[in-house]
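Below is one structure, written out as structure tokens, with a few remarks after it.
The values are calculated or read from the model by the stated rules, or taken from the named source; none is laboratory data. Since we're looking at a predicted model, the values are computed, not measured. Here the Cβ is made from the backbone with ideal geometry for all residues, glycine too, and neighbour counts use every protein chain on show.
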Amino acid sequence: MANTERVTMPPMDEYNRTLINYVHPPDWVNPQPASCYDLVVIGAGTAGLVVAAGAAGLGLGLKVALIEKHLMGGDCLNVGCVPSKCIIRSSRVVAEMREAGRFGIITPEKIEVDFPAVMARMRKLRAGISHHDSAQRFQNIGVDVFLGSASFSTSNTIKVGDKILQFKKAVIASGARAVRPQIEGIEDAGYLTNETVFSLTEKPQRLAVIGGGPIGCELAQSFHRLGCEVVLFHRGSHLLNKEDADGAEIVQNVFIKEGIRLVLGCKMNRVEMTSEGKTLYFSCGNEEEESVTVDEILAGAGRAPNVEGLNLETVGVEYDTRKGVFVNDYLQTTNPNIYAAGDICMDWKFTHAADAAARIVIKNTLFSPFGLGRYKLSNLVMPWATYTDPEIAHVGLYEAEAQAKGIEVNTIKIPFSSVDRAIADGEEEGFVKIHHKKGSDEIVGGTIVARHAGEMISEITTAIVGKVGLSKLSGVIHPYPTQAEGIKKAADAYRRTLLTPTSKKLLGFLTKFS
């Protein structure tokens, strides 16, 4: 029987039809279930795909099933990483054109943005890579793919449509979704989230963005650069308040310089439809209520776990509708035969975090019964990046976190205004900041603020994972000139703290001729 749960993604042009045909084929026929599965995975986002592919690819003849009710590839492919980075790239081209005069290039009097073409490019690229996450590809590597809604029916069975899947182990990887804003009138007025904003084909002239975290900031800057008048609302006193404060300040100042209106420390009171558009009423502190009218509202504040409909009570899996499924350090739920990975259970809501967690689940579900050890989530060293321009990338502990853990640290900060390549690139505003244990060269955390900070943070991550201290990092030869040389400068700065007065004089003499 063919899959009856039709899925669409507007606009249904050639690109989105290609996407749907890969990640939720309308003519897909769910297979006849095996008598019993070694592993059943609920959710075909990053975590679910990695678990299913990894288990099926071990060459052990395991029976693996994968269930997805919406789009294979999850948020990352369809409404997250891939489409957002396509839009960000287009918006950076606009920014570079506007800044061309600084580099001796004559800037056109008017830079035209073809917004429909920008969105079409995104859809084309997304469709072009969607085959990697396709139902057919996973079937070809030995995974039984079921399209439809899953729910636990007994202690060892899951129901999908009219099919019953018996399992030895199960993995919940159903992900998360955008939080519904609790603002009076916003449902009637209508709003966008990351799940719908990439379906736009026409540019909203006036756009309100609610939320000054990573999603809100990335999209606010991108759409502003593409020609939207953007007002960004945030209840915190400054943007990106979970990031390094120095880095967040740089991004905030860039937003102001570029002309994004920031409304900080605010409370959203209500939204009304008027003849002029969607009017948002808000207040900041003790000030009088103000309003702004826009064409579209983008809500980018928070994620909610997809726990509904899974019938978790039947199998004794404890959960919270805000925090998600409860797991221990081995990603095991309160039912020892059921594990979870990804946004459904983790504070780290990143694609690469879901990937790393999935690998832990594979090891703990399939290998630990044979005495091969158990793997812990807490052992992961997790980097991340916020893809504003400039980007903020971080790994390990912030200084305040280290202090809270009783770890005394020293901090080395190298501004890019002292890095030759950054000067040549006209990108001097950022920095490399590294925290190391006091009295030791052991790195405990680091932050980089730069246009391509996400590309550089892996060197610090590798140093932490490989227990490479600043002394050894100082001896690593970096190509000159690169912005990553800022990391070496930080390591060299540490080495200089170890020098005797005589050595310092000698180094100063040699530096004159280097």
Residue pairs within 8 Å by beta carbon, gap of at least six or interchain, first lying in the stretch 320-340 and free of Cβ contacts under 8 Å to residues at least 60 places away in the same chain, second of a type in the set (Val, Ile, Thr) and part of a strand (DSSP E or B), listed first then second, are GLN332/ILE338
Consider GLN139 carefully, then state whether it is at pLDDT 95 or above, part of a helix (DSSP H, G or I) and not assigned by TED's automatic domain parsing to the domain that holds GLU427.
yes
Strands (runs of 3 or more DSSP E) lying entirely in the stretch 207-288 (those with 1 or more residues that are within 27 Å of ALA95 (Cα to Cα))
229-234, 261-264
Considering only residues that are closer than 20 Å to ARG177 by Cβ and not aliphatic (A, V, I, L, M), look in the stretch 313-332 and name the one that is surrounded by the most Cβ atoms within 10 Å (Cβ to Cβ).
GLY324
Can you report the number of residues in the stretch 363-414 which are of a type in the set (D, E, K, R) and touching a helix residue (DSSP H, G or I) at 6+ places or on another chain (Cβ under 7 Å)?
3
Residues (exposed (fewer than 14 other Cβ atoms within 10 Å of the Cβ) and assigned to a helix (DSSP H, G or I)) located in the stretch 363-415:
PRO369, PHE370, SER378, ASN379, ALA400, GLN403, ALA404
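Rundown of residues vs (1) among the charged types (D, E, K, R); (2) more than 21 Å from the chain's Cα centre (by Cα); (3) closer than 30 Å to LEU62 by Cα, yes/no style:
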| residue | (1), (2), (3) |
| --- | --- |
| ILE338 | no, yes, yes |
| THR351 | no, no, yes |
| ASP355 | yes, no, yes |
| ARG374 | yes, yes, yes |
| SER378 | no, no, yes |
| THR388 | no, no, no |
| HIS394 | no, no, no |
Considering only the stretch 53-68, I want to know if a residue exists there that is under 24 Å from ILE129 (Cα atoms), touching a Cys at 6+ places or on another chain (Cβ under 8 Å) and outside the structural domain of THR193 (by TED's automatic domain parsing).
no
Every residue in the stretch 291-303 that is modelled with pLDDT of 95 or more and not in a loop (DSSP other than H, G, I, E, B), please.
SER291, VAL292, THR293, VAL294, GLU296, ILE297, LEU298, ALA299
Out of all the residues in the stretch 447-485, which are under 21 Å from VAL254 (Cβ atoms) and either under 18 Å from the mean Cα position of the chain (by Cα) or β-branched (Val, Ile, Thr) (or both)?
THR447, ILE448, VAL449, ALA450, ARG451, HIS452, ALA453, GLY454, GLU455, MET456, ILE457
Looking at ILE414, ILE434, which one is modelled with pLDDT of 95 or more, within 30 Å of VAL93 (Cβ to Cβ) and under 27 Å from the mean Cα position of the chain (by Cα)?
ILE414
Breaking point among (1) over 30 Å from ASN156 (Cα atoms); (2) of a type in the set (A, V, I, L, M); (3) crowded, with 17+ Cβ neighbours inside 10 Å, for ILE256
(3)
Would you be able to say whether some residue in the stretch 443-461 is closer than 18 Å to ALA385 by Cβ, touching a residue at least 24 places away in the same chain (Cβ under 8 Å) and in a loop (DSSP other than H, G, I, E, B)?
yes
What residue, of ARG121, ARG126, ARG89, is under 19 Å from GLU195 (Cβ atoms), of a type in the set (D, E, K, R) and either touching a helix residue (DSSP H, G or I) at 6+ places or on another chain (Cβ under 7 Å) or free of Cβ contacts under 8 Å to residues at least 40 places away in the same chain (or both)?
ARG126
Anything in the stretch 465-498 that is surrounded by 20 or more Cβ atoms within 10 Å (Cβ to Cβ), more than 18 Å from GLY247 (Cα to Cα) and among the β-branched types (Val, Ile, Thr)? List them, or say none.
none
Filter the stretch 415-446 down to residues that are closer than 15 Å to LYS488 by Cα, in contact with a Pro (Cβ under 8 Å, 6 or more places away or on another chain) and of a type in the set (Asp, Glu), then give me how many there are.
1
In the stretch 263-290, residues that are of a type in the set (Ser, Thr, Tyr) and modelled with pLDDT of 95 or more total 3
Would you confirm whether any residue within the stretch 271-283 is touching a residue at least 40 places away in the same chain (Cβ under 8 Å), in contact with a Leu (Cβ under 9 Å, 6 or more places away or on another chain), closer than 25 Å to HIS394 by Cβ and of a type in the set (A, V, I, L, M, F, W, C)?
no
Can you name every residue in the stretch 380-401 that is over 19 Å from THR462 (Cα atoms) and either without any contact (Cβ under 8 Å) to a residue 60 or more places away in the chain or among the charged types (D, E, K, R) (or both)?
ASP389, GLU391, GLU399, ALA400, GLU401
Does any residue of the stretch 184-198 turn out to be in a helix (DSSP H, G or I) and of a type in the set (S, T, N, Q)?
no
